[in-house]
Amino acid sequence: MGRGKPVCEELRKRIFCGVDAGKSSYQISKDLILPRSTVQSIIEHYKNNRTTSCLKKTGRPRITSAAENGVLKKIIKNNRRARAGELTEQWKDMIHKDVSVDTCK
């Protein structure tokens, strides 16, 4: 199931203040108007990692580098009316990588 926006640092600190005050996760969730599961997962994350901040998400790795993207920009500036398929073919020839039209878009 997809996740929503991360909980801000201020709310996280308020959750830990509630934990320090001896409140249950149910009571904290009612006070802050957050789902109980969110409060419980933030507390569990703190217990495991000893940090209140969110970890950086890795995401999908890039296929091309910043320099290769710069080459694509130059190709586009020279051929503004060219189609994506034509631009992709020129780009493949210059960077010697197999990239798709969707990558070029």
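Bear in mind these aren't lab numbers, they're just calculated from the coordinates by the rules spelled out. Quick caveat, the model's predicted, so the values are computed rather than measured. Heads up, the Cβs are rebuilt from the backbone with ideal geometry, glycines too, and the neighbour counts pull from every protein chain shown.
With runs of 4+ DSSP H residues as the only contributors, calculate the mean residue ellipticity of the chain at 222 nm using -39,500 (n - 2.57) per run, divided by the residue total and rounded to the nearest 500.
Numbers: 6 runs with 63 residues, N = 105.
Helix contribution divided over all residues of the chain: -18000 deg cm²/dmol.
Treating the angle as unsigned and between 0 and 90°, give the value, to the nearest 10°, between the Cα long axis of helix 9-20 and the longest Cα principal axis of the chain.
Tilt of helix 9-20: around 30 degrees.
Taking all pairs of distinct Cα atoms, average 1/r, flip it, and tell me the Kirkwood hydrodynamic radius of the chain in Å to one decimal place.
Details: mean 1/r = 0.0564 Å⁻¹.
Radius from the Kirkwood sum: 17.7 Å.
Roughly what angle does helix 66-78 make with the longest principal axis of the chain, taking Cα atoms, 0 to 90 degrees, to the nearest 10?
50
On C-alpha positions alone, give me the angle between the axis of helix 36-49 and the longest principal axis of the chain, in degrees, nearest 10.
Long axis of 36-49 versus the principal axis of the chain: about 80 degrees.
Using θ = phi - 60° and the Karplus relation 6.51 cos²θ - 1.76 cosθ + 1.60, list the HN-Hα couplings for the stretch 79-92 in order, rounded to whole Hz, with x at every Gly or Pro.
10, 5, 8, 6, 7, 4, x, 5, 5, 4, 4, 5, 5, 4
At a threshold of 8 angstrom on Cα-Cα distance, excluding pairs fewer than six apart, so keeping six or more, what relative contact order does the chain reach in percent?
16
For the stretch 5-75, which trypsin sites (Lys or Arg not before Pro) are in a loop by DSSP, counting at most 13 other Cβ atoms within 10 Å?
Taking the stretch 5-75 and a limit of 13 other Cβ atoms within 10 Å, the loop trypsin sites (Lys or Arg not before Pro) found are Arg50, Lys56, Lys57, Arg62.
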